[in-house]
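The values are calculated or read from the model by the stated rules, or taken from the named source; none is laboratory data. Everything numeric in this text was worked out from a predicted model, so none of it was measured. Glycine gets a Cβ as well: all are built from the backbone with ideal geometry, and neighbour counts include every protein chain shown. Side chains are part of the model used for accessible areas, which takes the heavy atoms of the whole protein and leaves out ligands, DNA and RNA. Shrake-Rupley method; radii C 1.70, N 1.55, O 1.52, S 1.80 Å.
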Amino acid sequence: MTVNPDLCNGHPTIRGLRITVETILGFLSAGETREEILNQYPSLEPADIDACLRFAADLMRHRYALKSLAR
């Protein structure tokens, strides 16, 4: 993952491309297959999707606190 303040507002991106980790995770959580994502983003490689999942898993290993939001 690459974090560059001048690229995608500093959000983590894949190999410096203008594709954010959040975008790929969103597609996966919506039920898109790896093949569908790779077809939509031909510059991606299968390993990029694996890296997004590892990145998310690594984040979950850190301490964090969830705060309830007023609705």
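Can you tell me which residues in segment 34-53 are over 20 Å from THR2 (Cα atoms) and either surrounded by 11 or more Cβ atoms within 10 Å (Cβ to Cβ) or under 9 Å from the mean Cα position of the chain (by Cα) (or both)?
Across segment 34-53, the qualifying residues are ARG34, GLU36, ASN39, GLN40.
What about LEU7, is it open to solvent by 60 Å² or more (accessible area, probe 1.4 Å) and either of a type in the set (Ser, Thr, Tyr) or at pLDDT below 95 (or both)?
For LEU7, the condition - open to solvent by 60 Å² or more (accessible area, probe 1.4 Å) and either of a type in the set (Ser, Thr, Tyr) or at pLDDT below 95 (or both) - is not met.
Pairs only if they're at least six apart or on different chains, beta carbon under 6 angstrom, first in segment 16-40 and closer than 18 Å to PHE55 by Cβ and in a helix (DSSP H, G or I), second at pLDDT 95 or above and of a type in the set (Phe, Trp, Tyr); list them, first residue then second.
Hits for this filter: ILE37/PHE27.
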